[in-house]
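Right, one structure below, let's go through it.
The values are calculated or read from the model by the stated rules, or taken from the named source; none is laboratory data. Since the structure is predicted, the reported quantities are computational estimates derived from the model, not experimental observations. Every residue, glycine among them, receives a Cβ derived from its backbone with ideal geometry; neighbour counts consider all protein chains shown. For the accessible areas, the whole protein counts, side chains as well, though only heavy atoms, and no ligand, DNA or RNA atoms are used. Shrake-Rupley method; radii C 1.70, N 1.55, O 1.52, S 1.80 Å.
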Amino acid sequence: MTAKSHHHQKRKKSKHHAPASSITTFEEVDDSSVNGESKGQKVVSVLEYLFPVVAGLCLWRSVSTGKESSPWSTLLLGRSQRLALDDDIINWTTLLPEPQSSDLEEALGSYSASLCRFVMSQSMVPGGSSSAGWGIFSLVDIEPQDKLLYGDMRIQLVDVQNHQYEGLAHLLYNYTWKAKYGTVEGTEVQTVVPGMSMLSNSGWDHHFQAMAGKPTPPEPGTDGTRGSPTAGSFTHYHNRQYFAIQTVPKGQEILVNYGQNFVGEKLAHATTDGAAPLTLASLQKPVSELQTNGMCLDNIASAEAPGRGGRGAFATRDLLKGTVVVPLPLIPLNRTSLDMYTDSRYPNAKKQLLLNYCYGHENSTLLLFPYSPVVNYINSVGKDEPTNAVLRWSAQAQNLEQSLQDSAQDILASRRWGLLLEVVATRDISQGEQILIDYGQTWHDAWTRHVQQFQPDNDCSRSPPYVYASRLNQLKMVRTQDEQAQNPYPDNVETFCVYQYSETIQYNPWPHHQHGSKKDTCRKVTHEACPPHTRMVPDYLRPCRVLDRKEGDAFYTVEVLNDDKGSVDAGSIPWGERHIVTGMPRNAICFLDKVYSTDQNLASAFRHEIGLPGGVFPTAWMDLE
Ligand SMILES: C[S@@+](CC[C@H](N)C(=O)[O-])C[C@H]1O[C@@H](n2cnc3c(N)ncnc32)[C@H](O)[C@@H]1O
């Protein structure tokens, strides 16, 4: 039974329960209710108390409304749900990463300018050449809590099951995470997280040395906000940062926690060649071998790149002409799998944003998605601008000659592992310089057409104009419903409140809760209240209407509502009840963007794959006219 249907069952039971009204009490949050995953919880719970405490005096009354939202069912996408990593297992977790904007400064400042720290090499996980593929190895000794590489980019795949997704099966089953932070982008969102999340292999039981920290909220960036042709053409989600959770000696392959024993079961019973049980120590390579054959992964870091849509990739050290700047392991995808159908539910849909991060050729069905750290940030020069780097096939690609002769369909059908491009410096590149390749004539033509035809989302015609919810969350005061009637907020935002009464408590075996005397409780919430610019909607965030304001801007009376998607969970407001909360502090009221309102969903957003240079994309793969 899925988590959702389980909740639904609970919810049904509660209909027959007569609610009583009473003053609420507070409870400490039991983190397992949010997290649902035991791994790493000890660390979670300790650091969680570092978050600001949000609490309010909560009182609910029940009044019949006669209205119930319909249960929401969802198509689960097999194993991909099991990964469930993004923001979920590590929900509000442990080690707080710095915002990604500091990556470059950090890379330039504290990292040794000359030494490569992390390399890509063939994995030592058993079955390496056929199943585990590439892996990430450390060239330095690592201590617990050290940052590993830079934060991963997150790309939201929207409502795949309602569009074309057959060709995405491999990606979805093996490489996507459940998106909570990205849920603002659609009804069902899965997150593709190229970088450490996709390139490193999974550990087993407690055998893994890295965990992702709390992801940072989406950043609109200084470039490409509404009104610019770049709006919606790049992701706002960054910084899935990994940290070491134990000592990692140099030469070691770094295994991360995928959660839910994704690969773990297999590895738990694996043995080394000498039939000894597999240990982390058996996944080591000689440092000299890695220095010779490993491909450096930390020559580039990301930072804002004004004028080129969002962010870019910058050299963390001086790179001589001819240096391999970064390897690009590739996942083959079918072009049609990124098509989105347009119907009344998805009027703006056209292509998944992922297309902008794929390499391809206009005459081929085949798209290639690179998944090593930071590569997806590499921008193009403008038309006729000079480049400082170029793409070519790597000599370390697996079965390259055969692959270049096979058809696009063969490659798609075989879900080929080992296709590998590399970015090579075409001149000396200085530390801090942006890496710029040429996306090709077809891309430039498409971009020029897009800029010429671009009609900005005319903010001035809207009253009040579009604003990112994150900006409203910085305001000290929230308008009441009456005030909003005179002075409304922009229609792309909604108010949510931190509220978690405990309906589940009636299923608790405590005897005094068994006889209809449900304990009305509003929990002390030890999380940050408002996740900016997102609609995370964890159990403790509910849509709400602001009824009254007290003591200046400090406290509010709100009515807490159910999600208009009709989703039902343990904390849904039961049918026939109204939950009015008094004494709600300002920071427990959050502005969230409405689903489908953000840049990624703009009808005008640019969508085009990156062109591989002439001669690099093999003619054998060109199966379209
Ligand atoms: C592979 S991504 C590059 C990283 C991207 N800047 C980001 O922040 O995610 C490709 C997208 O970057 C933007 N881009 C790259 N080069 C550009 C350029 N020369 N001019 C305008 N936009 C560019 C476009 O939005 C394009 O679809």
For segment 388-428, state which trypsin sites (Lys or Arg not before Pro) are in a DSSP loop and have at most 16 other beta carbons lying within 10 Å of their beta carbon.
Arg415, Arg427
Check which residues have an amide H placed less than 5 Å from Ser233's amide H, if you skip close sequence neighbours.
Phe606
Full-extension gain between Arg449 and Asp564, please, as 0.36 nm times their residue separation minus the C-alpha to C-alpha distance.
37.5 nm
Starting from the amide H of Thr316, placed 1.01 Å from N in the peptide plane, find each other amide H under 5 Å away whose residue is 5 or more places distant or on another chain.
Ile300, Ala301, Gly432
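Roughly how large, in nm² to one decimal, is the mean projection of the convex hull of the alpha-carbon atoms in segment 347-462?
11.0 nm²
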With a point put 7 Å past each Cα toward its Cβ, work out how far Leu475 is from Gln409 in nm, to one decimal.
5.8 nm
3J(HN,Hα) from dihedral phi, segment 402-418, Karplus parametrisation 6.51/-1.76/1.60, rounded to Hz, x for glycine, proline:
4, 4, 5, 9, 5, 7, 4, 5, 4, 5, 5, 5, 8, 6, 4, 9, x
Violations at 25 Å Cα threshold for listed pairs Lys147/Lys476; Lys178/Lys285; Lys147/Lys285; Lys178/Lys351 -> Lys147/Lys476; Lys178/Lys285
Using only Cα atoms, locate the centre of segment 573-624 and the centre of segment 343-416, then give the distance between them in Å, rounded to an integer.
21 Å
Please list, in order along segment 446-454, the HN-Hα scalar couplings obtained from phi with the Karplus expression 6.51 cos²θ - 1.76 cosθ + 1.60 (θ = phi - 60°), rounded to whole Hz, x for Gly and Pro.
5, 5, 4, 4, 4, 5, 5, 8, 4
Protein chains only, probe 1.4 Å: how do Lys383, Lys350, Lys476 rank by accessible area, largest first?
Lys476, Lys383, Lys350
Testing the spin-label approximation: label points 7 Å from Cα along Cα→Cβ at Tyr489 and Lys594. State their distance in nm.
1.2 nm
Heavy atoms of the protein only, probe of 1.4 Å, neighbouring chains included. What is the accessible area of Ser288 in Å², nearest 10?
70 Å²
Could you check how many percent of all C-alpha pairs in segment 330-392 are farther apart than 15 Å?
62 percent
When the Karplus curve 6.51 cos²θ - 1.76 cosθ + 1.60 is applied with θ = phi - 60°, which whole-Hz ³J(HN,Hα) does each residue of segment 597-612 get, with x for Gly and Pro?
8, 7, 4, 4, 9, 4, 4, 8, 4, 5, 9, 6, 6, 7, x, 7
Could you compute the net charge surrounding Gln246? Neighbours are other residues with a C-beta less than 11 Å from the C-beta of Gln246; K and R count +1, D and E count -1.
-2
As an exercise, use a Förster radius of 22 Å and the Cβ-Cβ distance of Val616 and Glu166 to find the FRET efficiency, rounded to the nearest 0.05.
0.20
Scan around Leu139 for amide H atoms under 5 Å from its own, H built in the peptide plane at 1.01 Å from N, and keep only partners 5 or more places away or cross-chain.
Phe118, Val119, Gly251
